[in-house]
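The values are calculated or read from the model by the stated rules, or taken from the named source; none is laboratory data. Values in this document were obtained by computation on a predicted structure and should not be read as measured data. Here Cβ is always computed from backbone atoms with ideal geometry, including for glycine, and neighbour counts include all displayed protein chains.
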Amino acid sequence: MPDGGLRKRKTGPDSEKEPPRNENKVSHNDEPEFDIDSAAFLQYLKILWIPLLLCFGLFVYFNPSTLSDIANLWIESDDWQSSPGSSTKSFAGFGADVEKRDAVVEAFKHAWRAYERDAMGNDEYHPISHKGTNLTRAGGIGYTVIDSIDTMLIMGLEDDYARARKWVETSLSFDRDAEFNTFETTIRVLGGLLSAYELTGKDKLYLDRAIELADRILPAFDTPSGLPLPNINLGKRQGVPDKELPHLVSTAEVSTLQLEFRYLSYLTDEDVYWEKAESVMKTIKEHRMPHGLASIYMHVDTGQFVPSAIRLGSRGDSYYEYLLKQYIQTNQTEDVYRKMYDDAMAAVHDNLIQKSHYTRMTYTSELIPERNSGGQLSWRLTPKQDHLVCFFGGSLMLGATITGASTIPVSIPPRQSEFMDHGKRDWKDGVELVRTCVDTHDTLTGLSPEIVHFRIPSDGVIDVFSNSGVPTDWYIKGARPGAEGPYDARYILRPETVESLFLAFRLTGDIRYRDWGWNIFQSIEEHCKVETGGYASIMNVDEVPSRKEDKMETFLMSETLKYLFLLFEDASVLPLDKYVFNTEAHPLPIFTPNIRTGFS
Ligand code: DMJ
């Protein structure tokens, strides 16, 4: 919390100028006259202040959020304080922080070069055993190499890049008779190829491979609803249903292919990619639930939503992300996405965004469907937030400056007057959610867990005070001091918080976002770094020294380190009005579309 506002209020010029007051009856030319009643009243006040204070104390005891509400008022007004040209203490300017930026480049080199040494060309890397593995027995598809290429380009690592390109040219094959996840292959590999094409100034190698891959994925869309199947056999060019839930597809997975397929159509003038991706959005729009929210599963034959959790975490997250980003991608020309996004944000605000009980942290809940004995459906609010949700704070802030703004472009940082009401709402929610995600890094390692739960009064939990005596509003379910960490306690090198910090910094220039990002980076260095090379997930964010898991997720190099690099890099690199990042942090250019499908 910036304390400048608080201090200013206490020592403001008005109070300094105030003349000393005489407590007795005074008659003075310049001052209002006190009569005897006023003096008596003051005496009463003096006697009454102790019981008044006691009453207030009791009130706060039973309503613990009161103090933080008051503090929040201060904080919120401070968030609006920084306007362009105003010299606020927290405005950092947009130049590079060279030292920190270069430290991130060193981290990338530590990760990439270990992978290259031990596992070049394999889909996944295990830094402790120094091994690579592939997603299937049929051989790799460049999962890690292609996911990392644009980060090398952005960081200027020419030699590393040259070796990676060579591998794509000579060793990459998509002719694999095995099943690959349609969504993951699209966001990491197709997205990576398209971004490499853009950032190399259109090296045809990448476009050719992107076209080949997209053509192999297209059959996944051949379903009665047009929703793509979750898996694709790239060698046979055949969509494959999920084995356990053969009729279902996950909402985020089907709605997070659009930036990549649409951009490919734009580049090739082949409409088929665009049409397949857009038909998914048509189906979603047609079957949208009344409140504008989306449950995490849809029926692949009917295209309808099936009763399942509603959340901004796994299987829901990037549906909301791509509503906004599709609107941004085509230069704000497709109003249908603005409307869908605005409806969804209103519904998220009304139904999912909550305040924690003690310290009034803003967080998102999940809605879980339940049927009563009569078969009637109702929704139970569950105070669980995945780390994945942490993309959402920055996304809300970005959305506020686009669909919520009355003046475009807004100033940096934006002025209140530049927002419409829903823009103000989304900006405020976004700022607060970023803050919450940062606060969930208050662990022994300084890293945030995979899943947090927030306390609600019906928990009946009384152990809500941390060692320092401060109330804690969130906890890691199943975590016990000294015991094996539960799944929720892991940190798997995820990017979502630093992604939001990057966006928040670009939109405000507020130095605190860089400070928080730097803290997270240092924690990754301290607890996830494998000395012999690479970085590993850790099993429990509340355990020091950390126990490592032998896995380095590809999104460390494609997202986490890229967003950290960009957070400290000069803001003229990949500006937000020229590029939109796919959900795997691959930047794609914003363009005005050359195709009109009439989808509205
Ligand atoms: C990434 O693969 C993508 O960001 C995806 O949308 C969900 N999150 C993972 C990283 O956490």
Go through the stretch 128-142 residue by residue and tally those that are among the aliphatic types (A, V, I, L, M) and more than 8 Å from residue 176 (Cβ to Cβ). 2
Kindly indicate whether residue 188 is in a helix (DSSP H, G or I) and within 16 Å of the ligand (Cβ to nearest atom). yes
Right, residue 581: closer than 29 Å to residue 95 by Cα and within 16 Å of the ligand (Cβ to nearest atom) or not? yes
Those residues of the stretch 438-448 that are out of contact with any Ser or Thr (no Cβ under 7 Å at 6 or more places or on another chain), in a loop (DSSP other than H, G, I, E, B) and touching a residue at least 12 places away in the same chain (Cβ under 8 Å) come to a total of 2
Hey, among the residues in the stretch 544-563 that are of a type in the set (A, V, I, L, M) and farther than 20 Å from residue 102 by Cβ, which one's surrounded by the most Cβ atoms within 10 Å (Cβ to Cβ)? 552
Residue by residue through the stretch 197-256, note down the ones that are among the small types (Gly, Ala, Ser), part of a helix (DSSP H, G or I) and either within 16 Å of the ligand (Cβ to nearest atom) or outside the structural domain of residue 181 (by TED's automatic domain parsing) (or both). 252
The one condition in (1) in contact (Cβ under 8 Å) with a residue 24 or more places away in the chain; (2) crowded, with 17+ Cβ neighbours inside 10 Å that residue 410 fails to fulfil: (1)
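Residues that are in contact with an Asp or Glu (Cβ under 6 Å, 6 or more places away or on another chain) and in the same structural domain as residue 451 (by TED's automatic domain parsing): which helices (runs of 4 or more DSSP H) entirely in the stretch 299-410 hold 3 or more of them?
Values: elements: 317-329, 335-351, 391-402.
Ranges flagged: 391-402.
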Of (1) basic (Lys, Arg); (2) more than 18 Å from the chain's Cα centre (by Cα); (3) within 16 Å of the ligand (Cβ to nearest atom), residue 371 satisfies all except one. Which? (3)
Given the conditions (1) outside any loop (DSSP other than H, G, I, E, B); (2) of a type in the set (D, E, K, R); (3) over 31 Å from the mean Cα position of the chain (by Cα), every one holds for residue 177 apart from (1)
